[in-house]
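Chemist: Encoded as structure tokens, here's the structure I'll be asking about.
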Amino acid sequence: MAHSVLILDDDADFNSLLTDIFKQADYVVRSLHDPFEAIEVFTNSDYDLVVTDHKMPGMVGSEFVAQIKQIKPQIPVIMVSGFLENDTVRELINNGVGGVFLKPLNIFSLLERTTELIDEAKRLKQNHELEDKHLSDGPAPGAEQDVNLGFSLRSFPGQSPQSVSFVKRLYRLRNFRSTLSLIGPPGTAFGLICDDIRSFYDREKEYFVYLSSSSFDTSKVLAQCEIAKQSGFERITCVLLDIEFMSDAQKCLAVSLAKCVDAFELIDQPLRTIFCVSNDLDTLFDEARINEDLYILMRTAEVKVPALRDCVANISILAQQIVRDIATQKKLTTVPRLAPAAEDFLAEQAWNHNYEQLHATLRYAMHQFSGDVISLDVLVTALQANMKVCSRDQLELMLAGVRLEYVQAISILSGDDSSAVAAFFGTDTTVIEAIVQ
């Protein structure tokens, strides 16, 4: 059965163009010029997608989107406009717009995004139905059972309200087609969370590639895809860590990767991308640390990871889990246990660097003692030693975030003379070129 599209544009010529584009692509189309009429028609009819203009008499597109999203929030929306300010783009994405296209229109990209949004809406509906059935019937294959959820994650094994909400949303979005954004505070265990996502599937068919600013380039991605193909994996998921600290070239490459275009167009296996960031997407966009293309892609499906401090019920379980993993790595014959006072101490800490700080503290403790019980005194010493390391790491992370902007500013003042910029910093031109590439 053909999908139906509602088109709203007060420009008769462009409305007719959009109508022809969708009809030729075998969509059933209803075209309207008045936003108030469109709201009434949308309320009383079923559509798979809405395409709307922004500047219209009587009501701008953002207001129109906000109203129809209150009526049927599950229906995807695409915005087509001549020009949009960054603040408007952010407002549209926040209101649930799944694609923003500027005139002159790229017809191929419009139809491609239409297909993606309709498919995603169907999958989300199916996921909701499956999740409801799953939560009543039993655990997910390969996952440890949790009393309240029916399944459990290693990254969030406890039962605090925040962790339960996170786990439910992550499971609901597990079948994302193209992109998923994980937004967590500094020190979030993104790797562990991605491993939990992989546990939802047959691990023999799912290949995960982890990429950071030091390892993300076209050749490495293509090489990993070839390894996945030769090894018989049926799908590839690329995990981009700390993308806000990547170069502009890497961010453009990330867009191409997520859209499977340019160098990645001929990859045989289905390819997905997980973005991992340690700040709110609106903040990153406002600070120009992610561009508009990335912002739109990353808002398609996002999950906010709670801080460890907000999930106190997880801390002692995670701690013992980490101790067990470290004991396995060290090939210990017995797994040490945490003394009750030590567990209470862990639950009382702020954990400003979240999982990474907890993990580093316990690793330090495991290296400083031998025995069957990790005492309170050992943990206190370990945490104090680790806090000094975390403070230094946080400073380096902050400096990395402003390094590019600082170099670009000096480059502008120097008339884009790389030699002058290098002389200003007392370094070689190759170092400057590597930063601003």
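The values are calculated or read from the model by the stated rules, or taken from the named source; none is laboratory data. Remember, predicted model here, so these are calculated numbers, not experimental data. Positions of Cβ are backbone-derived with ideal geometry, glycine not excepted, and every protein chain shown enters the neighbour counts.
Chemist: Return the pairs, sorted by first residue and then second, in which the second residue is crowded, with 21+ Cβ neighbours inside 10 Å and not in a loop (DSSP other than H, G, I, E, B), the first residue lies in segment 334-363 and is assigned by TED's automatic domain parsing to the domain that holds ARG324 and at positive phi, the beta carbons are less than 7 Å apart, and the residues are 6+ apart or on different chains.
Modeler: TRP351/LEU308; TRP351/GLN357; TRP351/LEU358; ASN354/LEU308
Chemist: Given the criterion at pLDDT 85 or above, touching a Phe, Trp or Tyr at 6+ places or on another chain (Cβ under 8 Å), under 30 Å from ILE183 (Cα atoms) and aromatic (Phe, Trp, Tyr), identify the matching residue among TYR355, TYR295.
Modeler: TYR295
Chemist: If only one of THR273, THR283 is buried (at least 22 other Cβ atoms within 10 Å of the Cβ), assigned by TED's automatic domain parsing to the domain that holds ILE197 and hydroxyl-bearing (Ser, Thr, Tyr), which one is it?
Modeler: THR273
Chemist: Turning to a different aspect of this structure: Which one of LEU253, LEU266 is in a loop (DSSP other than H, G, I, E, B) and either over 20 Å from PHE190 (Cα atoms) or not assigned by TED's automatic domain parsing to the domain that holds SER165 (or both)?
Modeler: Every option except LEU266 fails the conditions.
Chemist: Shifting gears a bit: Can you say whether THR237 is part of a strand (DSSP E or B) and in contact with a Lys or Arg (Cβ under 7 Å, 6 or more places away or on another chain), as far as the supplied structure shows?
Modeler: yes
Chemist: Still on this model: Identify the single condition in (1) outside any helix (DSSP H, G or I); (2) over 22 Å from PRO76 (Cβ atoms) that VAL303 does not satisfy, given that it satisfies every other one.
Modeler: Against the list (1) outside any helix (DSSP H, G or I); (2) over 22 Å from PRO76 (Cβ atoms), VAL303 comes up short only on (2).
Chemist: Looking at (1) surrounded by fewer than 16 Cβ atoms within 10 Å (Cβ to Cβ); (2) free of Cβ contacts under 8 Å to residues at least 40 places away in the same chain, find the lone condition where ARG309 falls short.
Modeler: Result: ARG309 fails condition (2) only.
Chemist: Step by step: first the residues of segment 31-62, then only those that are among the acidic types (Asp, Glu) and touching a residue at least 12 places away in the same chain (Cβ under 8 Å), then the one that is nearest to LEU111 (Cα to Cα). Which residue is that?
Modeler: Checked segment 31-62; the qualifying residue nearest to LEU111 (Cα to Cα) is ASP48.
Chemist: Of all residues in segment 9-66 being among the small types (Gly, Ala, Ser) and in a loop (DSSP other than H, G, I, E, B), which is nearest to GLU112 (Cα to Cα)?
Modeler: Restricting to residues being among the small types (Gly, Ala, Ser) and in a loop (DSSP other than H, G, I, E, B), the top hit is ALA25.
Chemist: Take the residues of segment 78-108 that are assigned to a helix (DSSP H, G or I) and polar (S, T, N, Q): which is surrounded by the most Cβ atoms within 10 Å (Cβ to Cβ)?
Modeler: Looking at the filtered set, the residue picked out is THR88.
Chemist: Something else now. Which condition does LEU153 not pass, out of (1) surrounded by 19 or more Cβ atoms within 10 Å (Cβ to Cβ); (2) modelled with pLDDT of 85 or more; (3) over 24 Å from GLN250 (Cα atoms), if it passes all the others?
Modeler: (2)
Chemist: Out of all the residues in segment 269-285, which are in contact (Cβ under 8 Å) with a residue 24 or more places away in the chain and in a helix (DSSP H, G or I)?
Modeler: Hits for segment 269-285 are LEU281, ASP282, LEU284, PHE285.
Chemist: Name the residue, out of GLY184, GLY191, that is within 17 Å of CYS276 (Cα to Cα), out of contact with any Lys or Arg (no Cβ under 7 Å at 6 or more places or on another chain) and surrounded by fewer than 17 Cβ atoms within 10 Å (Cβ to Cβ).
Modeler: GLY191
Chemist: Further question on the same structure: Which one of these does LYS331 not meet: (1) at negative phi; (2) without any contact (Cβ under 8 Å) to a residue 24 or more places away in the chain?
Modeler: Here LYS331 meets the rest and fails (1).
Chemist: Identify all residues within segment 287-300 that are crowded, with 18+ Cβ neighbours inside 10 Å and touching a residue at least 60 places away in the same chain (Cβ under 8 Å); write none if there are none.
Modeler: Those that are crowded, with 18+ Cβ neighbours inside 10 Å and touching a residue at least 60 places away in the same chain (Cβ under 8 Å): ARG289, TYR295, ILE296, LEU297, MET298, ARG299, THR300.
Chemist: Being among the small types (Gly, Ala, Ser) and either touching a Phe, Trp or Tyr at 6+ places or on another chain (Cβ under 8 Å) or crowded, with 19+ Cβ neighbours inside 10 Å (or both) is the filter here; which residues of segment 1-25 pass it?
Modeler: ALA2, SER4
Chemist: Okay, next question. Tell me whether segment 214-224 contains one or more residues that are touching a helix residue (DSSP H, G or I) at 6+ places or on another chain (Cβ under 8 Å), in a helix (DSSP H, G or I) and without any contact (Cβ under 8 Å) to a residue 12 or more places away in the chain.
Modeler: Looking for residues that are touching a helix residue (DSSP H, G or I) at 6+ places or on another chain (Cβ under 8 Å), in a helix (DSSP H, G or I) and without any contact (Cβ under 8 Å) to a residue 12 or more places away in the chain, one finds none in segment 214-224, hence no.
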